[in-house]
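Working notes for the structure below.
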Amino acid sequence: MEKDSTTIIKRIIVAVVSILIVAYIVSVGLKANFTQVKTETANIMTVSDSIPAKGYFIRDEQLITYDGGGVISYLLNDAEKISKDEAVAYVYTDAQAANDKKYIEKLEQQIKDLEQLDNSVNSILLAPDELDKNISSSLSKAKLNASEKDFSDADKNITAALYSINQRQLVTGKTQGYSKKIEELSKKVSELKKKYENNKAKSIISSQTGYFSSTVDGYESFYNSKALSSIKIGDLDEKKITRRSVGKNVVGKTVEGVYWYVACEVSAEEAIQIKESSSLSVDIPLANNHNISVELHCINQENKNSPAVVVLKGSYMNKEMINLRREDISIIKNSYNGIYVSRNAVHDQQITETVTDKTGKEKTETKSVKGVYILVGNEILFKQIVPLYTGEGFIICMQNPKDEDLVTDEIGVLKAYDEVVVEGANLYDGKIIDRTSS
């Protein structure tokens, strides 16, 4: 009886140990399945496919001259439009007269602003805190303008800040109006004008319609729009481009017409890519001008296999653009907007599905589908992608592909902001991940 009891105990011990061993093996197996993964959010991004080049900017430019003495005071900023026979500057006998003239113009603008405020006192809808934001914004812009030595825009932003301050005074009841201030400023203007009524300034006139620039660099005759089709490889060599001396009587120039041009030397392959592009733009980093829309004007090359001079045409103009001459640029052939994913997250998966052939019979087909694994909750799912552009280490995918763009409709499609698995072992559709394990 005692022997039977011992045998039973031994059997129980063996059974418990066996259960523990099995439990351990199952636990290890499950632990192997509950692998940790690393994910990245599938964000929307725009990338550009571009060609770096040296750009030579060409414009139709007419010099503005003045033969005589005195102090010149410009009426226009660079890149401002000007009409034929319009004054671009006044000439004064001395610096004091020029400064007084500018001061008169500033006072007259202040009078105009104050009169406008008086007339709109009952229609100001902005609250004091909104006006405070406007004041702060204008002063910040003025500070930035000053740091960039753009004193013209700095003055405009200081004037805007002053206008908002005066608005705030009215809104908060700190003042009932500006009639007294207007009278004071008007009197000062009258006194200054009387001082110079017998000393009228001379006008410097533009002979052409276009954009004004006070900067002359000596390359104004470098090329013009009529010579664009004759520019060949080697013509853009800086050693061949002659800079002419600028006469002392030259005070600025008028950039004629609406368009400017940029000529670049490119390879035969790049010329084909530019020609076949449906949308072109240029990026000029040093001028802080990005994605400026342009058109292909002409491609000059000896034959289809030789290097080429590409001439692009644009119309966007600002104070940086008007004085560009030779700049490093990027010719943007195409831009792609879509879902960004890392290339190491992309996998090929074989999908078997049932299809109906032309005779109406059903058969199975195996297709290779490009896609990514995403994490939803604690489950891994495979989603297909439609690549738009492949870059170095990444792919831009179509956001909302149409049915005809998809390899199969048996599985889902990657969506923006999905959590894409970029690291993980033994991945497969439907795998469960233990997100609590370390």
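When you scan segment 224-289 for strands (runs of 3 or more DSSP E) that lie fully inside it, which ones turn up with 1 or more residues that are small (G, A, S) and over 28 Å from the mean Cα position of the chain (by Cα)? Spell out how you get there, then give the answer.
Details: elements: 250-256, 260-266, 280-284.
Ranges flagged: 250-256.
Which ones in segment 300-346 are under 19 Å from the mean Cα position of the chain (by Cα), among the hydroxyl-bearing types (S, T, Y) and more than 26 Å from Y389 (Cβ to Cβ)? Scanning segment 300-346 gives a single hit, S315.
Please find, within segment 141-152, the residue that is nearest to the chain's Cα centre (by Cα) out of those that are open to solvent by 70 Å² or more (accessible area, probe 1.4 Å) and of a type outside the set (D, E, K, R). Talk me through it step by step, then tell me what you get.
Within segment 141-152, the first condition is being open to solvent by 70 Å² or more (accessible area, probe 1.4 Å), and the residues that meet it are 141, 143-144, 147-149, 151.
With the extra rule that they be of a type outside the set (D, E, K, R), the set shrinks to 144, 147, 151.
Details: L144: 19, S147: 22, F151: 25 Å.
For segment 141-152, the residue satisfying everything is L144.
For segment 78-92, enumerate the residues that are surrounded by 13 or more Cβ atoms within 10 Å (Cβ to Cβ) and either at pLDDT below 85 or small (G, A, S) (or both). Selection gives A79, A87, A89.
Taking the criterion of being surrounded by 13 or more Cβ atoms within 10 Å (Cβ to Cβ) and among the β-branched types (V, I, T), the residues of segment 328-365 that qualify are I329, I331, I332, I339, V341, V346, I351.
Being touching a strand residue (DSSP E or B) at 6+ places or on another chain (Cβ under 7 Å) and modelled with pLDDT under 90, is that true of even one residue in segment 100-108? Reasoning before the result, please.
Taking segment 100-108 as the starting set, the residues that turn out to be touching a strand residue (DSSP E or B) at 6+ places or on another chain (Cβ under 7 Å) are 101-102.
Applying the additional criterion that residues be modelled with pLDDT under 90 yields 101-102.
Looking for residues that are touching a strand residue (DSSP E or B) at 6+ places or on another chain (Cβ under 7 Å) and modelled with pLDDT under 90, one finds at least one in segment 100-108, hence yes.
Within segment 281-295, not a single residue is open to solvent by 30 Å² or more (accessible area, probe 1.4 Å) and within 30 Å of K101 (Cβ to Cβ).
Of all the listed residues (D405, D418), the sole one being within 25 Å of E353 (Cβ to Cβ) and modelled with pLDDT under 90 is D405. The sole residue among Y196, Y219 that is open to solvent by 30 Å² or more (accessible area, probe 1.4 Å) and over 32 Å from the mean Cα position of the chain (by Cα) is Y196. Within segment 302-323, the set of residues being surrounded by 17 or more Cβ atoms within 10 Å (Cβ to Cβ), at pLDDT below 95 and either at positive phi or in contact with a helix residue (DSSP H, G or I) (Cβ under 8 Å, 6 or more places away or on another chain) (or both) comprises just one member, M321. For segment 56-68, taking the residues that are open to solvent by 50 Å² or more (accessible area, probe 1.4 Å) and part of a loop (DSSP other than H, G, I, E, B), the one that is modelled with the highest pLDDT is identified as D67. Those strands (runs of 3 or more DSSP E) of segment 351-438 in which 2 or more residues are within 30 Å of V47 (Cα to Cα) and more than 27 Å from the chain's Cα centre (by Cα) occupy 362-376, 379-384, 419-423. I51 meets the conditions (1) of a type outside the set (S, T, N, Q); (2) part of a strand (DSSP E or B); (3) out of contact with any helix residue (DSSP H, G or I) (no Cβ under 7 Å at 6 or more places or on another chain) in every case but one. The failed one is (3).
Scan V346, V341 and give me the residue that is on the phi < 0 side of the Ramachandran plot and touching an Asp or Glu at 6+ places or on another chain (Cβ under 9 Å).
Details: V346 fails: touching an Asp or Glu at 6+ places or on another chain (Cβ under 9 Å).
Unique residue meeting the criteria: V341.
A single entry from S164, S120, S137 fulfils the requirement of being of a type in the set (G, A, S) and open to solvent by 40 Å² or more (accessible area, probe 1.4 Å): S137.
The rows are residues; the columns are (1) at pLDDT below 90; (2) open to solvent by less than 70 Å² (accessible area, probe 1.4 Å); (3) touching a Phe, Trp or Tyr at 6+ places or on another chain (Cβ under 8 Å); (4) under 30 Å from Y211 (Cβ atoms).
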site: G29; (1), (2), (3), (4): yes, yes, no, no
site: E40; (1), (2), (3), (4): no, no, no, no
site: K54; (1), (2), (3), (4): no, no, no, yes
site: G70; (1), (2), (3), (4): yes, yes, yes, yes
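I'm checking my understanding of the structure. Among residues of segment 222-249 that are farther than 20 Å from D328 by Cβ and without any contact (Cβ under 8 Å) to a residue 40 or more places away in the chain, which one is least open to solvent (accessible area, probe 1.4 Å)? In this case the residue turns out to be A227. In segment 141-169, the residues that are over 20 Å from I111 (Cα atoms) reach residues that are open to solvent by less than 50 Å² (accessible area, probe 1.4 Å) and not in a helix (DSSP H, G or I) with C-beta atoms within less than 9 angstrom, at least six apart or across chains, in these pairs: L144/D150.
Of the residues that make up segment 198-207, is at least one in contact (Cβ under 8 Å) with a residue 24 or more places away in the chain, part of a loop (DSSP other than H, G, I, E, B) and out of contact with any helix residue (DSSP H, G or I) (no Cβ under 9 Å at 6 or more places or on another chain)? Write out each step before concluding.
Just the residues of segment 198-207 that are in contact (Cβ under 8 Å) with a residue 24 or more places away in the chain, to begin with: 199, 201-207.
Subsequent filtering for residues that are part of a loop (DSSP other than H, G, I, E, B) retains 199, 201, 206-207.
After this cut, where a residue has to be out of contact with any helix residue (DSSP H, G or I) (no Cβ under 9 Å at 6 or more places or on another chain) as well, the list is 206-207.
The answer is yes; a qualifying residue exists.
Consider segment 256-280 and keep the residues that are hydroxyl-bearing (S, T, Y) and either out of contact with any strand residue (DSSP E or B) (no Cβ under 8 Å at 6 or more places or on another chain) or more than 23 Å from F212 (Cβ to Cβ) (or both). The one that is surrounded by the fewest Cβ atoms within 10 Å (Cβ to Cβ) is S278.
The values are calculated or read from the model by the stated rules, or taken from the named source; none is laboratory data. All values derive from a computational prediction rather than experimental measurement. Cβ coordinates were reconstructed from backbone atoms using ideal geometry, including for glycine residues, and neighbour counts include every protein chain displayed. Side chains are part of the model used for accessible areas, which takes the heavy atoms of the whole protein and leaves out ligands, DNA and RNA. Shrake-Rupley method; radii C 1.70, N 1.55, O 1.52, S 1.80 Å.
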